[in-house]
Amino acid sequence: MTSDVGTSQWVAAFRRRVRRWYRLHGRELPWKEDADPYSVWVREIMLQQTTVAAVVPYLEKFLDEFPTVTSLAQASEEAVLRVWEGLGYYSRARNLHRAATMIVEEWEGVWPRSADAIECLPGVGRYTASAIASFAFDEAAPIVEANTLRLYSRLLGMVDDPARASGQKQLWAFAERVVPPARPGQFNQALMDLGATVCRSEPLCEECPVRLNCQAFRLGITSRVPMRRRRARITELHETAVVIKRSGDVLMIRYSEEGRWPGLWGFPLISRARGETLDQPTTILDLVREMRARGIDIEFCRQLGEFRHGVTRFRIHLQAADVSWVDGEWNGGERAEWIPIDELSRRPLSVPGRQVAQWIRKPA
Ligand code: SF4
């Protein structure tokens, strides 16, 4: 079958149908009317790899804490990470902070209005730049993100891998073709809403306003498009968080830039073999030996608790050991500090670190 997808007539009918559907069925997102570039930027960064439901409370808290780009630039990176704590993918928060500094120091707090210029900011890719430019400045900038990728792939009947360069090229070319000059931000939002609520992984084609525009529907291949990628294999990690106490302080590590929690604080972590637990004397001996290799003699006191946590492609089985310091200073490589237990609430901690901090506060 010859496709008419992308002809002027097709585009006009498609835009009309999308707009009409959006007026009646668009999502009632809390930021629907908010076109301020700063809040659009923060929320779009938060929405990367994170659901709307998870973002809503974080966005509110973030904008309360840092209401303007200047207040964000003036904050410390630790303060920004503390507000971001629990949302994951922490490089996003650090890039926001860096970009805020750039906007204030290099651009005197004035936002560039075009997607091309906005894309120069750290952590801002083509999608985010286009979202800000179209929502905040009415630039007819095209978007491709998870929901629209699915929608466009099906409209085009595209059987290529959408993650490959050739697939990406087709999707962006399609997005450029359909974005209208009038109210492009609203139209982009409508496309995302349509992808999120109708053209879902299991598409609701019977309810779809653009069924007549859809190649995959016509060809009966909606379940095969877009091509699915294999999920990354999950790696199981067994670790012990070592809570080393010394006169009311605990030893905390600032995790490295390359690690799972860049820039966040947590307890020293020791790998355990699967099946090893802190109620086995050999595990405790290994723990003492490992800590000595990092400069600190300890005495094991008790196990604090157990915790399972998923982060990116890892599933961590964590046990926490309550130990007391006997002698020595940390030489394990990362930056370390003795921190009063009461101060832990103010530091940005990894999710397991926060859990362990709560256990510490409970009496033995
Ligand atoms: S007809 Fe089905 S597959 Fe095509 S755009 Fe609509 S919901 Fe998606």
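Throughout, read-outs are computed from the coordinates displayed, never taken from laboratory work. Since the model is a prediction, treat every value here as computed from it, not as a measurement. Heads up, the Cβs are rebuilt from the backbone with ideal geometry, glycines too, and the neighbour counts pull from every protein chain shown.
Summing charges over all other residues whose Cβ lies under 11 Å from the Cβ of Gly86, with Lys and Arg as +1 and Asp and Glu as -1, gives +2.
Close amide H pairs (under 5 Å, H built 1.01 Å from N) link Arg200 with no residue at least 5 positions away or on another chain. Based on alpha-carbon atoms, the Kirkwood radius and the radius of gyration of segment 8-219 give Rg/Rh equal to 0.99. Assuming charge only on the beta carbon of Lys and Arg (+1) and of Asp and Glu (-1), the dipole of the chain about its Cα centre is about 1760 debye to the nearest 20. Assuming a ≥ b ≥ c are the square roots of the Cα gyration tensor eigenvalues, decide whether segment 87-145 counts as rounded (a/c under 1.5), prolate (otherwise, with a/b larger than b/c) or oblate. Since a/c reaches 1.5 but b/c is at least a/b, the shape of segment 87-145 is classed as oblate.
Note on segment 8-219: dipole from Cβ charges, positive end direction compared against Asn213, Ile45, Thr68; the farthest Cα belongs to Asn213. Counting only DSSP H runs of at least 4 residues, each contributing -39500 (n - 2.57), and dividing by the residue count of the chain, the helix-based mean residue ellipticity at 222 nm comes to -13000 deg cm²/dmol.
Taking amide H as placed 1.01 Å from N in the peptide plane, Val311 has its amide H under 5 Å from the amide H of Ile316, each at least 5 places away in sequence or on another chain. For the options Ile296, Ile270, Ile234, a Gaussian network treatment of the chain with springs between C-alpha atoms closer than 10 Å singles out Ile234 as fluctuating the most. Dimensions of the chain along the principal axes, based on C-alpha atoms and rounded to the nearest Å, stand at 78, 49, 33, largest first.
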